[in-house]
Amino acid sequence: MNSFSTLFVAVLALATGLRLWLSWRHVRHMQAHRNLVPEPFATQIELAAHQKAADYSTAKTRLNAAGIAADALFLLVLTFGGLFALIDQSTREWFGSGLVGGVAFIALVMVAGSVVELPFNLYRVFGVEARFGFNKMTLGMFLGDMVKHAAIGAAMGLPLVLAVLWLMGQAGSLWWLWVWVVWSVFNVLVLAIYPTFIAPLFNKFAPMEENDLKRRIEALLAKCGFKSQGLFVMDGSRRSAHGNAYFTGFGKAKRIVFFDTLLSRLAPGEIEAVLAHELGHFKLNHVMRRMAWTFAISLAFLWALGQLREAAWFFEGLGLTAPVTDAVALVVFFMVVPVFTFPLRPIMAMYSRKHEFEADAYAARNASGDELAQALVKLYKDNASTLTPDPLHSAFYDSHPPASARIARLRQFSAV
């Protein structure tokens, strides 16, 4: 072991310990406030619903904590436990050290990771979600989705991996820049084809019926200057009792999708206000900004890999024998570096919460802030979202503002 080995183990222990401590804080905070509905919601949410949300969020947090510990252990097994080296040696023996061997190495590491995640996913769906009345999936549906995801991942991911490994070997010192270009184009392409070719493999999408709600939504779209390929209702109730609405696609392929569960629970004005919030993300360029940040971060990561690709101390410090193949360098780097970047999460979460406040303000200007607040309260209740998250845990993880802060801001907008 070299000095980087010591640094890596120390940072992994600190990051894992911090994440587990944050989970413990979150559970303790929710349970401490379990028996009293927060004042802003006291007239709208019953104590039983509030307690269900606390218990549901507690169960999810405890499961996530177990996953955090398992992920850290798996990473240690991959590195110092020799699993990376074993998979690399096996794939070289079976497929050689060229492109095919590299693709096989990456595929086997992904399969190993999926095997580790499978028990947690099964318990999440058939344990936690089922216990609190949200799961509608059968085991057959769950396994069918797994097969579909694997098939889509292979069909789309393998050509991408081949292209990346070829560029790493043939594109010279600026290979990382060319890989970034290919990766960026691939992501934009996926966004464009997802609504039409991928999403229908998992759910049914029916055009929204001609009625007063649709006309009301179309008037809002015209007011906001938003064009899409259409309004669709998704059979989300086949898999879950949770409700949602979202935009999907990119450019001219944008679609507006409502879960059937959402339409059944909210009043027309509330649905319009929820849609206005989502429109705000597009009209305020939040989607493009987040894409730009994602592409910028990926460029920085690929540049860093370009600098470390020949650094023996980095790979030897992780239990590997240098020099390593391009496939090993790629996988190891992108599994290890997040250990060091975890402290940056509050910055990303804060940026996302800022966008949510801005989208709420846009909705209040173009629809009704009061009805958006009413819709959010219903969604918090129906989805059993906790009203009392631990502030520090929320600062690290939550992409949306806490319920109390969001509702208070909406009431300010309505009072103006």
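The values are calculated or read from the model by the stated rules, or taken from the named source; none is laboratory data. Since this is a predicted model, take the numbers as computed values, not measurements. Glycine gets a Cβ as well: all are built from the backbone with ideal geometry, and neighbour counts include every protein chain shown.
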Hits in region 301-331 (condition: acidic (Asp, Glu) and closer than 18 Å to Glu93 by Cα): Asp326
Could you tell me whether any residue of region 299-313 is among the aromatic types (Phe, Trp, Tyr), modelled with pLDDT of 85 or more, surrounded by fewer than 16 Cβ atoms within 10 Å (Cβ to Cβ) and more than 22 Å from the chain's Cα centre (by Cα)? yes
Going by what's in this entry, would Val337 be described as farther than 29 Å from Ala192 by Cα, at pLDDT 90 or above, assigned to a helix (DSSP H, G or I) and within 22 Å of the chain's Cα centre (by Cα)? yes
Taking region 229-249 and the residues there that are outside any strand (DSSP E or B), buried (at least 19 other Cβ atoms within 10 Å of the Cβ) and of a type outside the set (Lys, Arg), the one that is modelled with the highest pLDDT would be Gly236
Filter region 26-75 for residues that are assigned to a helix (DSSP H, G or I), basic (Lys, Arg) and more than 22 Å from the chain's Cα centre (by Cα) and give the result. Arg28, Lys52
Picking from Phe134, Phe120, which residue would you name as being under 26 Å from the mean Cα position of the chain (by Cα), modelled with pLDDT under 95 and under 26 Å from Arg19 (Cβ atoms)? Phe134
If we ask which residues in region 159-175 are closer than 14 Å to Gly101 by Cβ and among the aromatic types (Phe, Trp, Tyr), their number turns out to be 1
Enumeration of residues in region 122-143 that are part of a helix (DSSP H, G or I) and loosely packed, with under 14 Cβ neighbours inside 10 Å: Leu122, Arg131, Leu139, Gly140, Leu143
From the list Leu263, Leu279, pick out the single residue that is touching a Phe, Trp or Tyr at 6+ places or on another chain (Cβ under 7 Å) and either more than 30 Å from Glu129 (Cα to Cα) or in a helix (DSSP H, G or I) (or both). Leu279
